[in-house]
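S.K.: First, the structure itself, so that you have it in front of you.
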Amino acid sequence: MLKQFLSLKLSQKLSPQQIQLMKLIQLPTQAFEQRLIEEMNENPALEGGNDDEEIYEKDEFDNNEDYDEYEDNESIDSGDINIDEYLSNDETPDYKTQSNNYSDDDEERESPLSAPVSFHQDLINQLNTFILTDDQRDIAEFLVGSIDDMGYIRRSIQDIVDDMAFTQGIYTEEKTVEKILHIIHELEPSGVGARDLQECLLLQLKHKTPTESVALAIHIIEEQFEAFTKKHYDKLLAKFSVSRELLKKAIDEIEKLNPKPGGAYTGSNKMTEHVVPDFAIRIIDDELELTLNGRNAPELHVSKDYQDMMKTYKDSKDKSNAQKDAVQFIKQKLDSAKWFIDAIKQRQETLFVTMNAIMHFQQEYFLDGDESFLKPMILKDIADMIGLDISTVSRVANSKYVDTPYGTKLIKEFFSEAMTNDQGEEVSTIEIKKILETVIADEDKNKPLPDDQLAEILKEKGYPIARRTVAKYREQLDIPVARMRKKM
């Protein structure tokens, strides 16, 4: 039996232009500059820098009667054209995007970068200091290739033996591989090639100058590793019959070790990522002043050459098919350039108006710098203030930084939910986290405070929150549980 249903569905679809604009808004300064370079490389009708001549003040080539003869018959089908290359916009934007609300660009200086030797290549180079047969070297290099970026070999010896046989045609025994693995363990950084954390720590301890505390540390890792990881110090004192002072020295030796010997090395091979603030807030005569990084406001215009080509076509009496095809291409590029310039202006305005609203909402904080002055603020608060969608505010807040008198801050850090204190006042969860962090920092590390006691202390300070909420905030602050905070 067939049934017919009538359903009414209301949906909103973003146009390709809107999607591209949202993507531009989300980009921080450095990524935006890269996107700008890509667009200028793809579209020769888009040019940067100053132009002394008047730039395309009137879009005289759109809806012009002189074009009716080809536009009616050869209209551009948007379905056949890449939206990034053709976004029709007959409203002429101001092609020189200038404003007083931009900071001066910092001069960019390129510094020469050396090409560092990779982590694995450095280990291979170290093998040259050992006297090895060809077979031994093949096994050693295979083992080095099995080390992950953190410095560990996380595969069993049997798996490695099988893998060498199947993939390299190297036939050997587990004992031989174990012997070569001992050589790998002599390489730097100390601890590399370990199969687990316990072995990694032991390798590093055995490379240290022998002392009483180092010897005890080795015994602890070899014999009481689980008790050590759980910080059962009384059990360690009873097991080894040593003084608390000696145990503390041994624990200190272990805590100085690197649990990821490869991590520190590979990290040094990466270019340091410098945060470029998208905004700057300054206090001038007790008033806040906001500027948008000038690198977000490039001077752009539409190519004069491309406009001249359009004029040439307009003045031409003979309009061949080849000329019509060429002018179609030129028009696409001109419209794309116009749209991109207009999108950049919209991006600038969106960024500025959003950050300006945040600055005024959190005015007390920006004038003083005390995080306790941060008010509860959610995305909807700012969206309502400026009449933009919540998702747009989120795109600005999640990826942008602001340079303040108190350091460079990620904008999303100013957002927080509200909690009610014992006075019935709404306070920011940021304020509560700051107090929680201070209480934990001041606690007796011999007897760290569990979450229920932390909840009681916060309650005494006027913040009645549950133990599970304390646990949630503690985890968000990357603070471990009480037992793991215990010190000797």
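The values are calculated or read from the model by the stated rules, or taken from the named source; none is laboratory data. Given the structure is predicted, the values throughout are model-derived calculations rather than measurements. Virtual Cβ from ideal backbone geometry, glycine too; neighbours counted across all protein chains shown. Protein only, heavy atoms only, side chains kept; ligands, DNA and RNA dropped before computing areas. Shrake-Rupley method; radii C 1.70, N 1.55, O 1.52, S 1.80 Å.
S.K.: At a probe size of 1.4 Å, how large is the accessible area of T172, to the nearest 10 Å²?
M.R.: 40
S.K.: For N41 and Q121, what does the FRET efficiency come to when R0 = 41 Å and r is the distance between their Cβ atoms, rounded to the nearest 0.05?
M.R.: 0.75
S.K.: Using just the C-alpha positions of the range 279-360 as equal point scatterers, what log10 of I(q)/I(0) does the Debye formula give at each q in 0.11, 0.22 1/Å?
M.R.: Here log10 of I(q) over I(0) equals -0.50, -1.00.
S.K.: Within a Cβ distance under 10 Å of L216, other residues only, what is the Lys/Arg minus Asp/Glu net charge?
M.R.: Net charge around L216: -1.
S.K.: Still on this structure, please answer the following. For the range 417-488, what % of the accessible area comes from carbon and sulfur atoms, probe 1.4 Å?
M.R.: Ligands and nucleic acids excluded, carbon and sulfur reach 45 percent.
S.K.: Figure the gain on full extension for K487 and L197 (residue separation times 0.36 nm, minus the Cα-Cα span) and round it to one decimal in nm.
M.R.: Length gained between K487 and L197: 102.3 nm.
S.K.: To continue, here is another question. Would you kindly derive the ³J(HN,Hα) couplings of the range 412-427 from the backbone phi angles with the Karplus curve 6.51 cos²θ - 1.76 cosθ + 1.60 (θ = phi - 60°), listing them in order in whole Hz, with x for Gly and Pro?
M.R.: Listing the rounded values in order: 5, 5, 7, 8, 7, 7, 9, 10, 9, 7, 6, 8, x, 8, 7, 10 Hz.
S.K.: Quick check on packing: order 145-151, 442-448 by the mean number of other C-beta atoms within 10 Å, highest mean leading.
M.R.: Per-residue mean Cβ counts within 10 Å order the peptides as 145-151, 442-448.
S.K.: Local charge sum around A227 (other residues, Cβ-Cβ under 11 Å, Lys/Arg +1, Asp/Glu -1)?
M.R.: Details: positive: K230, K231, K235, K239; negative: E223, E226, D234.
Surrounding charge for A227 is +1.
S.K.: Applying 1/(1 + (r/R0)^6) with R0 = 35 Å to the Cβ-Cβ distance of R467 and K256, what FRET efficiency is obtained, to the nearest 0.05?
M.R.: That pair, R467 with K256, gives E of 0.55.
S.K.: Would you tally the net charge around T469, using a Cβ to Cβ cut-off of less than 12 Å, leaving T469 out, and scoring K and R as +1, D and E as -1?
M.R.: That sum, taken over residues with Cβ under 12 Å, equals +2.
S.K.: If you don't mind, there's one more thing I want to ask. Per residue of the range 218-225, in order, report the coupling 6.51 cos²θ - 1.76 cosθ + 1.60 (Karplus, θ = phi - 60°) as ³J(HN,Hα) in whole Hz, putting x for Gly and Pro.
M.R.: Computed from phi, the couplings for the range 218-225 are 5, 4, 4, 5, 6, 10, 9, 5 Hz.
S.K.: While we're on this one: Between L237 and Q476, what is the FRET efficiency for a Förster distance of 35 Å, r being their Cβ-Cβ separation, to the nearest 0.05?
M.R.: Computed FRET efficiency for L237 and Q476: 0.50.
S.K.: Another one. Amide H of A194 versus every other amide H placed in the peptide plane: which residues, excluding those fewer than 5 positions away on the same chain, fall under 5 Å?
M.R.: Residues meeting the criterion, in which the H sits 1.01 Å from N, are I153.
S.K.: Let me ask something additional. Report, to the nearest whole %, how much of the accessible area of the range 138-178 belongs to carbon and sulfur atoms, 1.4 Å probe, protein only.
M.R.: For the range 138-178, the apolar C and S fraction of the accessible surface comes to 47 percent.
S.K.: How large a share of the accessible area of the range 199-259, in percent, is made up of carbon and sulfur atoms when the probe is 1.4 Å and the other protein chains stay in place? Numbers along the way, then the final one.
M.R.: Values: 1700 of 3300 Å².
Roughly 51 percent of what the probe reaches on the range 199-259 is carbon or sulfur.
S.K.: Using a basic spin-label model with each label point 7 Å from the Cα along Cα→Cβ, how many nm lie between K206 and A31?
M.R.: So the label points at K206 and A31 sit 4.6 nm apart.
S.K.: Taking the solvent-accessible surface of protein heavy atoms with a 1.4 Å probe, what is the per residue accessible area of the range 340-426 in Å²?
M.R.: Dividing the accessible area of the range 340-426 by its residue count gives 46 Å².
S.K.: Determine how large the accessible area of F32 is when every protein chain is in place; take a 1.4 Å probe and give Å² rounded to the nearest 10.
M.R.: Answer for F32: close to 0 Å² accessible.
S.K.: Where only protein heavy atoms count, and the probe is 1.4 Å, what is the accessible area per residue for the range 181-229 in Å²? Before the final figure, lay out each step's value.
M.R.: On the way: 2190 Å² over 49 residues.
Value for the range 181-229: 45 Å² per residue.
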